[in-house]
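All of the numbers you see were taken from the coordinates with simple rules; none came from a lab. Since the structure is predicted, the reported quantities are computational estimates derived from the model, not experimental observations. All Cβ positions, glycine included, derive from the backbone under ideal geometry; neighbour counts span all protein chains shown.
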Amino acid sequence: MTTRRPMRIGVLAVAALALAAPARAANITIKGSDTMVILAQRLAETYMKKNPAITIQVTGGGSGTGIAALINKTTNLANSSRPIKAEEIAKANANGVDPGEYRVALDALAVVVHKDNALKELSLQQVNGIYRGDINDWSEVGGAPGRIVRYCRESNSGTYVFFKEHVLQNGDYAADCQTMPGTSAVAEAVSRDRSGIGYGGVAYFAPLAAVRILSIKKTETAPAVLPLKDGRPNNEVVWSGEYPIARWLYMYTTGKPSADEKAYLDWIVGPEGQQVVSDIEYVPLKGVLDGKKPAVH
Amino acid sequence: MVEGGSLMAGTAPGALRTASLEMPRAGGGRPGRRRGLGEAAIELFLRMNGWVAVMLIALIFVFLFKEGVQALFSIPLSDFLGTTVTDYRGNPKVVRMWQPVSELPKYSLLPLVCGSFLVAFPATLIAGLFGVAGGIYLAELASTRTRETLKPFIELLAGIPTVVIGFLALATLGSVLQGLLGTTYRLNAFLGALGVSLVIVPVITSLTEDALRAVPDELRVAAYGLGATRAQMIARVTVPAAVSGIAAALILGMGRALGETMIVLMATGNAALITLNVFSSVRTMTATIAAELGAVAQGGEQYQALFLVGSLLFTLTFTMNLIAELVLERMRRRLTL
Amino acid sequence: MRRGLAGLVFESLCRGLTFVTCAALISILGLIVVHGVGVITPEFLFGTPTEGMTKGGIFPAIFGTICITLLMIMMALPLGVAAAIYLVEYAGKGLGPRIIRAAVNNLAGVPSIVFGLFGLGFFILFVGRNIDRVLQTGLLFGQPAMLWAAATLAILVLPVVIVSTEEALRGVPVSHREAAFALGATPWQVVRRAVLPQAYPGILTGAILSVSRGAGETAPILFTGCAYFLPRLPLTEFLGIPIINPLDQFMELSYHIFIMATQSTDAQVTRPIQYGTTLVLVTLTFVLNLAAIITRNRFRRRLGAARP
């Protein structure tokens, strides 16, 4: 049949070209944290506008995905909203990868409820109890009676792991936590659920009118701290540690960064990159935007 | 007379529909006819292509089980049912949870299997109701013109990408349903089941229609001869005669429902619970693989566990397809005698 | 007449339920059109996503979808057609062909996520990594890429191609084959000159259907090559002409819908984009399926006229 031969030639041609084609030219692949993906994308967009020769491609999927990709050598840089674990470093080393760590921003983790929920503050203990399944009704924490519907992230999320380690004290989440694929899914779910509670990077929730960000008390007697100020993230309470659930945002390299990668990373922690961080409503590194040099790594 | 190019060709029902007519082959029984070397080479090439499908199924089998079996070595077998933890009072108790990322990784398969079936059963029931009714209508009640317009219409339903249905369930139907029924969880197994049923209705309709059409007309004529109304003929004669075909349709539909990924990933809430409450959130096997595979380091425990889940899923759907095929074989043999 | 009433109820139930099914389809399409049609502008269709994917267009996703389905059909069509020719023209009723047919049936019933698992475990990790080892190309083939995603999709649509082609071949009257043999043709000549030219529209139907199926599948490409955001198209230069680079990642319409609906920055803000993308994808599959139906009907009519 006359149409099959050209098709076979087509397949062979593509195969031949695939072998001839150069490896992905001058570009940086970044995978990882869903919390950081908007940030990473905006940073990439801004940087590429100034440096048209470089292409940066960004994929989300969760911090676990990024670090796994780093270990599997399927990415150049990994975004992570949690520090890399010792066993991950060991796995990476076994694969010939020596991860280098860069702290690029900070983030406050917000705990949110529906705007119609009268609750305004919770202690860390109470959040712990809610997410571990010990507290199941809003009346137990001072709200109107109703079943608590918990929303959390998938286990590959750095946010999931960070929350587990620092709020749940390494305990396990309750089995009935609704697992959402991204922070924006958590935000959307809580905004539609009067009895819902969720958590995630504050940048996702700050602009939403349908959710309320709770003030968190470090202990029962400590003052309640809101991670917002005038509707934007409150950098001071994050830098000072007053807000108890704040974290670093990291980028990891597969070893010594290439020249392009190093230039990009240096740009990110410099004033221009940090300005983008601040614009996207994450917390920039302390002191960079004031002109001082940051302590990064 | 063979039905040409159905839109569902290539799905399980389409493949099962192909009749096996015998084609004349040259060289067969003709003395003194020698085929050239070129002919032999072409035939060899075509034969190899034919075996590719077999090779692919075998490869899928091998690669899935190769990794999955390793999970059985690195994780104790009892862990797949439940894990023993110590509660805060120091007493041991068995929890059945799927929580691979944890101080104490838990790999119980029970919530996942329970979740898959809690979506698949209602979906098959709902789709079975609509599908069998549709098949009866198309085969027995509709005029030819109506059938010619409706059939492609229903097949179009089969052509909608599942991600679109999942998206609509998540964006619109979920809230509507919660408003109507007042459920605690907006995203639950029932919502997933509704979405999945949309996908398998065309499968069941098509196979039911085929099964009914395959019933010989003599049976219908005989029923009329005995004074039955049309409805009585359908309900008491035709449908019972085609019952194996309809059963096969339902089994195939359930297999398809078990294998559905995108709709359940977006609409069921993904909470690994063991429950019979269809309005609770569940986590299916397919959604677990889809959500977690991207994040695991290759060769690790969780990676192997996910391949084990995949192997289990593959085995389940494979078995269902096999049973359906056998049932259909039996029906074909019975009706053609 | 109680019996008459029960019968009437039964028939109306069947009729009613069927129409509910059709109504469901209409409302799905209606919903998508109503919410999506306002978003479709030339900028949407030809622009790239900007501002963290909350604005802009979806051209890279459209382009990626076209690329991946093209690659997929280039792999699946020759394979499937050859297999079908073997099954219909050469094979008899022995054990071998029965095993092949059973394999095709079972391939049709494999869940799509299992194909994704297979694509990752076999194509990327086994084939890709080994090619890298043999050719010493570092980590070029052993990563998610369009090539592997297309291969995974090709396996998924193989049953569609095989069954459609089989039906097309069987639609050609046996008398044509017998006549060709009587004139002294070899088996291959019979196939090539007498059967295939007539079966061509049916094979085309199968190809169109498989493209439609491949464009709509998401699960197999989740881990085998799809990307969240690519700043440039998966092209590369060869002698100055831009061609598709099969080792690149790609954006795709169905994946885009999934990502936008679940992981975008603000799902409410991007809702119009989600509906717009959905409309584009559904229109694409709809148009393809319609083309397949038309081709099939024309094929049937032509064959019907050709029958002695």
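Add -39500 (n - 2.57) for each DSSP H run of 4 or more in the protein assembly as shown, then divide by its residues: what number comes out at 222 nm, to the nearest 500 deg cm²/dmol?
Theoretical 222 nm ellipticity from helices: -17500 deg cm²/dmol.
Please pull out the direction-averaged projected area of the stretch C:56-302, using the convex hull of its alpha-carbon atoms, in nm² to one decimal place.
If you wrap the Cα atoms of the stretch C:56-302 in a convex hull and average its projections, you get 17.0 nm².
Under the definition of partner shielding as Cβ atoms of other protein chains within 10 Å of a residue Cβ, what is the mean value for peptide B:283-292?
Neighbouring Cβ atoms belonging to other protein chains average 5 per residue here.
Could you tell me the calculated FRET efficiency between B:THR319 and C:ASP266, based on Cβ-Cβ distance and R0 = 45 angstrom, to the nearest 0.05?
FRET efficiency, B:THR319 to C:ASP266: 0.55.
When Cβ neighbours within 10 Å are restricted to other protein chains, what is their mean count per residue of peptide B:99-108?
3
Note down the nm distance, to one decimal, between modelled labels 7 Å out along Cα→Cβ at B:PHE279 and at B:THR144.
So the two model labels end up 5.0 nm from each other.
Principal axis lengths of chain B from Cα atoms, whole Å, largest first?
Sorted from largest, the Cα extents of chain B read 80, 62, 33 Å.
Take each of the peptides B:108-120, B:151-163, C:33-45, A:96-108, average the number of other beta-carbon atoms within 10 Å over its residues, and list them starting from the highest.
Averaged packing, sorted descending, gives the order B:108-120, B:151-163, A:96-108, C:33-45.
Identify, among B:ALA193, A:ASN51, B:GLN302, the residue whose Cα sits farthest towards the positive end of the charge dipole of the protein assembly as shown, taking +1 on the Cβ of Lys and Arg and -1 on the Cβ of Asp and Glu, with the dipole about the Cα centre.
Highest projection toward the positive end goes to B:ALA193.
Can you compute the modelled spin-label distance between C:ARG300 and B:SER175, with each label point 7 Å from Cα toward Cβ, in nm?
About 4.3 nm, to one decimal.
Given the options A:ASN117, A:PRO244, A:LEU208, identify the residue whose Cα lies farthest towards the positive end of the charge dipole of chain A (+1 on Cβ of Lys, Arg; -1 on Cβ of Asp, Glu).
A:LEU208
How far apart, in nm, are the 7 Å Cα→Cβ label points at A:ASP134 and C:ILE241?
According to this spin-label approximation, the distance is 7.0 nm.
Which whole-number value in Å³ per residue fits the convex hull of the alpha carbons of the protein assembly as shown?
Spelled out: Cα convex hull of the protein assembly as shown, divided by residues, is 186 Å³.
Along each of its three principal axes, how wide is the spread of alpha-carbon positions in chain A, in whole angstrom units, largest first?
Here the spans come out as 73, 58, 38 Å, largest first.
Chymotrypsin sites (Phe, Trp or Tyr not before Pro) within the stretch A:124-179: which are DSSP loop residues with at most 12 other Cβ atoms inside 10 Å?
When the chymotrypsin sites (Phe, Trp or Tyr not before Pro) of the stretch A:124-179 are filtered for loop state and at most 12 Cβ neighbours within 10 Å, nothing remains.
With +1 on each Lys and Arg Cβ and -1 on each Asp and Glu Cβ, and nothing else charged, work out how big the dipole of the stretch C:56-302 is about its Cα centre, in Debye to the nearest 20.
880 debye
Using a Förster radius of 35 Å, what is the FRET efficiency between A:ASP98 and A:ASP290 based on their Cβ-Cβ separation? Nearest 0.05, please.
Efficiency for this residue pair is about 0.55.
For a test of understanding, tell me how many lysine pairs in the stretch A:107-246 have Cα atoms under 22 Å apart, given they are 8 or more places apart or on different chains.
Summing the qualifying lysine pairs gives 9.
Helix by helix, which DSSP H runs in chain B go 30 Å or more along their axis at the Cα atoms and have an average Kyte-Doolittle hydropathy of -0.5 or more?
B:37-74, B:110-136, B:189-214, B:301-336
Considering every Cα-Cα pair within the stretch A:107-246, what fraction, in whole percent, is farther apart than 26 Å?
12 percent
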